[in-house]
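K.L.:
Before I ask anything, here is the structure I am working with.
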Amino acid sequence: MNATSLITAAKKQPIGAICGAVCLICAVLLYIRGDKIDESQAMYDAKAAEAARIMANVRNSAKLPEQLVEIQAYAKDLESRLVVAGRLAVNLQYFYKLEAENEVKLVDIRQNSIPTNKIGKSLYTGVPYAVSVQGSYKQVISFLARLEGGRHFCHFTNVSLNKSQVGGVPDAMTLTLGIELLGTP
């Protein structure tokens with residue numbers, strides 16, 4: 001086929017020739033811009049994910065002021081429940097108060113030093129104590145329960161409960177504790 005025969009065929013069938021030319025142009029454009037489709041789809045997906053994230057942030061921010069006030073109240077409560085390691089007299093008053101409430105006898109109470117590997121690693125640290133109390137089984141267990149559910153956050157490192165014969169009391173018990181109260185160094 002030569003060019004003159006193509007021109008005469010196009011003149012005889014002008015609509016078919018125009019449709020063929022349009023199809024040929026579309027095929028060339030599709031081939032040239034084919035890689036752009038994947039890029040456009042990826043860009044669309046990224047924009048859709050960002051829009052969904054922004055909409056979720058807007059939806060979740062509706063109660064943000066109330067939640068901020070609530071979190072600040074929790075933080076203030078947490079700060080009030082911390083033990084400051086340098087306030088030895090105030091810290092020991094906590095144990096003396098528990099002694100009076102539970103009618104046990106504090107045999108020994110010592111604030112131990114904070115290990116040097118824990119200092120400076122976090123904002124909060126455990127302030128270690130060695131506590132020994134005597135009393136009836138009910139009193140000792142009540143002391144332990146109040147210590148566990150008390151004002152300060154505590155972590156028991158060791159607990160020893162032994163029967164003892166103190167003052168001729170038949171059901172006397174001795175509770176020896178190693179505890180850490182959450183506090184600041």
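Conditions (1) farther than 30 Å from Pro128 by Cβ; (2) of a type outside the set (D, E, K, R); (3) assigned to a helix (DSSP H, G or I); (4) at pLDDT 85 or above, marked per residue:
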| position | (1), (2), (3), (4) |
| --- | --- |
| Met1 | yes, yes, no, no |
| Thr4 | yes, yes, yes, no |
| Val22 | yes, yes, yes, yes |
| Met55 | yes, yes, yes, yes |
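K.L.:
For the range 134-185: of the residues being hydroxyl-bearing (Ser, Thr, Tyr) and closer than 17 Å to Lys105 by Cα, which is modelled with the lowest pLDDT?
P.N.:
Per the criteria, the residue is Ser164.
K.L.:
Can I ask one more? Return the residues of the range 116-147 that are touching a strand residue (DSSP E or B) at 6+ places or on another chain (Cβ under 8 Å) and over 17 Å from Met173 (Cβ atoms); say none if nothing qualifies.
P.N.:
If the condition is that a residue be touching a strand residue (DSSP E or B) at 6+ places or on another chain (Cβ under 8 Å) and over 17 Å from Met173 (Cβ atoms), then Lys118, Ile119, Leu123, Tyr124, Thr125, Gly126, Val127, Pro128, Tyr129, Ala130 are the ones that fit.
K.L.:
Could you list, in sequence order, all residues of the range 24-52 that are at pLDDT 90 or above and either aromatic (Phe, Trp, Tyr) or loosely packed, with under 10 Cβ neighbours inside 10 Å (or both)?
P.N.:
Once the filter is applied, which keeps residues that are at pLDDT 90 or above and either aromatic (Phe, Trp, Tyr) or loosely packed, with under 10 Cβ neighbours inside 10 Å (or both), the range 24-52 yields only Tyr44.
K.L.:
Just wondering, is there one or more residues in the range 83-96 that are surrounded by fewer than 17 Cβ atoms within 10 Å (Cβ to Cβ), among the basic types (Lys, Arg), at pLDDT below 90 and out of contact with any strand residue (DSSP E or B) (no Cβ under 6 Å at 6 or more places or on another chain)?
P.N.:
Taking every residue of the range 83-96 in turn, at least one turns out to be surrounded by fewer than 17 Cβ atoms within 10 Å (Cβ to Cβ), among the basic types (Lys, Arg), at pLDDT below 90 and out of contact with any strand residue (DSSP E or B) (no Cβ under 6 Å at 6 or more places or on another chain).
K.L.:
If we keep just the residues of the range 71-108 that are among the charged types (D, E, K, R) and either in contact with a Ser or Thr (Cβ under 8 Å, 6 or more places away or on another chain) or free of Cβ contacts under 8 Å to residues at least 12 places away in the same chain (or both), which is farthest from Ser164 (Cα to Cα)?
P.N.:
Lys76
K.L.:
Within the group Glu66, Glu79, which residue is outside the structural domain of Leu175 (by TED's automatic domain parsing) and closer than 18 Å to Gly150 by Cβ?
P.N.:
None of the other options fit; the residue is Glu79.
K.L.:
Got a sec? Which of Val140, Val131 is touching a helix residue (DSSP H, G or I) at 6+ places or on another chain (Cβ under 9 Å), in a strand (DSSP E or B) and not aromatic (Phe, Trp, Tyr)?
P.N.:
Val131
The values are calculated or read from the model by the stated rules, or taken from the named source; none is laboratory data. Keep in mind the model is a prediction, meaning the values are calculated, not measured. Virtual Cβ from ideal backbone geometry, glycine too; neighbours counted across all protein chains shown.
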